Amino acid sequence: MALLSSVSSLLPFSYGANRLTSKASFASITSGFNLSSRWNSTRNVPRLHLSRAVTNSSGNTEVSENEAAPRTYTWSDNKRPRVCILGGGFGGLYTALRLESLVWPDDKKPQVVLVDQSERFVFKPMLYELLSGEVDVWEIAPRFSDLLTNTGIQFLRDRVKTLLPCDHLGVNGSESFVTGGTVLLESGFKIEYDWLVLALGAESKLDVVPGAMELAFPFYTLEDAIKLNEKLNKLERKNFKDGSAIKVAVVGCGYAGVELAATISERLQDRGIVQSINVSKNILTSAPDGNREAAMKVLMSRKVQLLLGYLVQSIKRASDSEEDEGYLLELKPAERGLESQIIEADIVLWTVGAKPLLTKLEPSGPNVLPLNARGQAETDETLRVKGHPRIFALGDSSSLRDSNGTLLPTTAQVAFQEADFTGWNIWAAINNRPLLPFRFQNLGEMMTLGRYDAAISPSFIEGLTLDGPIGHAARKVAYLIRLPTDEHRLKVGISWFAKSAVDSIALLQSNLTKVLSGS
């Protein structure tokens with residue numbers, strides 16, 4: 001994953017000793033939602049027999065099925081600003097934490113609700129370490145309920161269905177009876193907000209090749225990583241008994257594809273055959289030269305077969321039998337001088353393309369958001385959606401361009417920096433201050449290449465690339481510093497230190513055994 005930061009930029013959002021710890025309350029402890037219309041006005045829709053949101057022991061809200069409940073989410077204070085953040089990835093969670101860390105006048109500190117379909121925040125650049133066994137799930141995918149325990153941020157687990165913005169009616173409207181719009185959730189509830197943050201992320205784009213949707217494994221979410229790990233475990237148990245090699249086909253040689261190929265080839269070693277397919281004649285076409293060279297060296301040393309200059313035309317089952325889990329990939333040349341071929345694989349990993357989740361929302365009438373061809377919201381330089389001054393978009397949901405007019409990449413590094421600006425600009429908007437234009441600072445790129453291998457190319461030192469164990473250690477420290485909260489960072493740091501100590505002792509014992517046996 002492309003992410004590197006100098007020490008100052010890596011410092012997480014800190015919280016003072018007098019940080020507010022009270023959670024946004026609900027009108028009813030048991031239901032979490034108001035039993036009547038917020039203002040008793042006709043614009044609130046009637047009750048429906050839908051789900052019920054129940055506040056658990058940690059103060060966060062989950063949705064239970066088949067319960068009668070009203071539709072309106074109740075904020076604790078009708079006078080303080082209401083900020084609704086959709087999506088709990090890097091953009092959404094870090095924007096919420098940024099808002100929490102800022103100093104606010106007593107009557108203007110916003111109430112923040114964070115909505116996500118998952119119960120966990122996922123530090124996606126380290127999903128590969130789940131396959132290598134370096135990390136545990138709780139370390140890179142902590143529950144929101146744990147991360148937000150000592151904050152005023154309320155978490156709601158639900159899916160977004162429709163956006164109903166009304167901020168196109170005017171920029172002003174901080175009065176308690178004016179709303180920036182409404183979010184409708186799939187559970188049937190609605191959230192009225194003053195300020196909205198769109199950070200819904202994206203999902204793998206599998207519908208471009210026949211068979212990919214049904215047969216290929218994406219690698220984009222925690223669920224994808226867990227499912228892949230279980231599949232590999234199953235293949236290892238099955239194939240290692242008879243000594244047959246496990247055949248893995250990786251489609252795409254961008255960062256995700258190369259990191260997957262390096263990690264899996266190291267895991268399977270001589271008992272696996274990894275083939276990486278890419279439409280270009282090179283791997284990592286947009287990466288720094290140092291990262292590309294380090295990756296190529298690792299892939300060659302682990303005998304990864306590179307099929308460069310090919311398009312995947314289709315993916316099919318090797319036979320009609322459901323018990324036979326083999327697949328056939330039909331490859332078509334994308335370059336002259338190559339011939340079509342068909343390769344076999346026990347598992348197909350798809351790392352090419354992603355589509356923003358904004359495109360999955362239901363239309364909301366004439367006030368729909370301006371989206372580009374990729375399904376991202378068009379924003380101005382302050383990250384506000386064009387034509388909607390009370391809506392901000394970042395990460396995969398934003399189509400912000402740099403000073404040269406180039407669309408910014410949807411990487412974790414960009415989302416980190418956008419979250420900082422989004423939080424500040426919401427503060428500025430609420431306090432009638434000028435908003436800051438976002439300026440992306442490319443701090444470099446880094447990638448994992450295995451359990452003790454990585455490559456880092458910082459942008460502030462031209463031509464420098466750290467690879468091998470040094471690069472691996474530097475990458476891990478950088479990500480440790482970037483974890484969301486002080487408490488979680490401390491727990492993970494202790495865990496990683498303990499694991500490193502155990503690994504070091506085991507390595508020392510192994511070396512001593514070899515020396516003694518040789519003598």
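The values are calculated or read from the model by the stated rules, or taken from the named source; none is laboratory data. Just so we're clear, the structure is a prediction, and the values are computed from it rather than from any experiment. Positions of Cβ are backbone-derived with ideal geometry, glycine not excepted, and every protein chain shown enters the neighbour counts. Note: accessible area is taken over every heavy atom of the protein model, side chains too, but ligands, DNA and RNA are not part of it. Shrake-Rupley method; radii C 1.70, N 1.55, O 1.52, S 1.80 Å.
If I ask for residues that are more than 22 Å from ALA212 (Cα to Cα) and in a helix (DSSP H, G or I), which ones from the range 234-249 would you list?
GLU236, ARG237, LYS238, ASN239, PHE240, LYS241, ASP242
Is there any pair linking a residue in the range 153-167 that is more than 20 Å from THR74 (Cβ to Cβ) to one that is modelled with pLDDT of 95 or more and of a type in the set (Asp, Glu), with Cβ under 7 Å and at least six apart or on different chains, and which?
Correct list of pairs: empty, since none qualify.
Can you name the residue in the range 353-373 that is open to solvent by less than 70 Å² (accessible area, probe 1.4 Å) and assigned to a loop (DSSP other than H, G, I, E, B) and is also farthest from GLU186 (Cα to Cα) among such residues?
Here the answer is GLY353.
For (1) touching a strand residue (DSSP E or B) at 6+ places or on another chain (Cβ under 7 Å); (2) under 30 Å from GLY201 (Cα atoms), each residue gets a yes or a no:
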position: ALA318; (1), (2): yes, no
position: LYS332; (1), (2): yes, no
position: GLU335; (1), (2): no, no
position: ILE347; (1), (2): yes, yes
position: GLU362; (1), (2): yes, yes
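Might you check whether a residue that is without any contact (Cβ under 8 Å) to a residue 40 or more places away in the chain and either more than 19 Å from PRO210 (Cα to Cα) or assigned to a strand (DSSP E or B) (or both) occurs anywhere in the range 311-320?
Narrowing the range 311-320 to residues without any contact (Cβ under 8 Å) to a residue 40 or more places away in the chain: 311, 318-320.
Imposing the further condition that a residue be either more than 19 Å from PRO210 (Cα to Cα) or assigned to a strand (DSSP E or B) (or both) reduces the set to 311.
For the range 311-320, residues without any contact (Cβ under 8 Å) to a residue 40 or more places away in the chain and either more than 19 Å from PRO210 (Cα to Cα) or assigned to a strand (DSSP E or B) (or both): present.
Considering every residue within the range 248-264, establish whether at least one is open to solvent by 60 Å² or more (accessible area, probe 1.4 Å) and either among the aromatic types (Phe, Trp, Tyr) or modelled with pLDDT of 95 or more (or both). Let's see the steps before the verdict.
Step one: of the range 248-264, the residues open to solvent by 60 Å² or more (accessible area, probe 1.4 Å) are none.
No, every residue in the range 248-264 fails to be open to solvent by 60 Å² or more (accessible area, probe 1.4 Å) and either among the aromatic types (Phe, Trp, Tyr) or modelled with pLDDT of 95 or more (or both).
Going through ASN404, ASN367 one at a time, which residue ends up being at pLDDT below 90 and closer than 15 Å to LEU163 by Cβ?
None of the others qualify; the one that does is ASN367.
Which of the residues belonging to the range 289-311 are under 27 Å from the mean Cα position of the chain (by Cα) and open to solvent by less than 40 Å² (accessible area, probe 1.4 Å)?
Residues satisfying the conditions are GLY290, ASN291, ALA294, ALA295, VAL298, LEU299.
Would you check which residues across the range 93-136 are β-branched (Val, Ile, Thr), in contact (Cβ under 8 Å) with a residue 40 or more places away in the chain and farther than 30 Å from LEU449 by Cβ and list them?
THR95, VAL112, VAL113, VAL115
Does ASP320 fit the bill of being closer than 25 Å to ARG451 by Cβ and among the acidic types (Asp, Glu)?
Taking the combined requirement at face value, the residue does not satisfy it.
Is there a residue being assigned to a strand (DSSP E or B) and open to solvent by less than 20 Å² (accessible area, probe 1.4 Å) anywhere in the range 374-382?
First, the residues of the range 374-382 that are assigned to a strand (DSSP E or B): 377, 379.
With open to solvent by less than 20 Å² (accessible area, probe 1.4 Å) added as a condition, the list becomes 377, 379.
Checking the range 374-382: at least one residue is assigned to a strand (DSSP E or B) and open to solvent by less than 20 Å² (accessible area, probe 1.4 Å).
Can you find a residue in the range 195-214 that is within 19 Å of the chain's Cα centre (by Cα), in a helix (DSSP H, G or I) and more than 17 Å from GLU344 (Cβ to Cβ)?
Taking every residue of the range 195-214 in turn, none turns out to be within 19 Å of the chain's Cα centre (by Cα), in a helix (DSSP H, G or I) and more than 17 Å from GLU344 (Cβ to Cβ).
List the pairs whose first member sits in the range 205-218 and is closer than 19 Å to LEU260 by Cβ, whose second member is open to solvent by 30 Å² or more (accessible area, probe 1.4 Å) and assigned to a strand (DSSP E or B), and whose Cβ atoms are under 6 Å apart, counting only residues at least 6 apart or on separate chains?
Close Cβ pairs (under 6 Å, with a partner that is open to solvent by 30 Å² or more (accessible area, probe 1.4 Å) and assigned to a strand (DSSP E or B)) amount to LYS205/ALA354; LYS205/LYS355.
Please verify whether GLN269 is at pLDDT 95 or above, surrounded by fewer than 17 Cβ atoms within 10 Å (Cβ to Cβ) and not acidic (Asp, Glu), treating the condition exactly as stated.
When the stated conditions are applied, GLN269 does not pass them.
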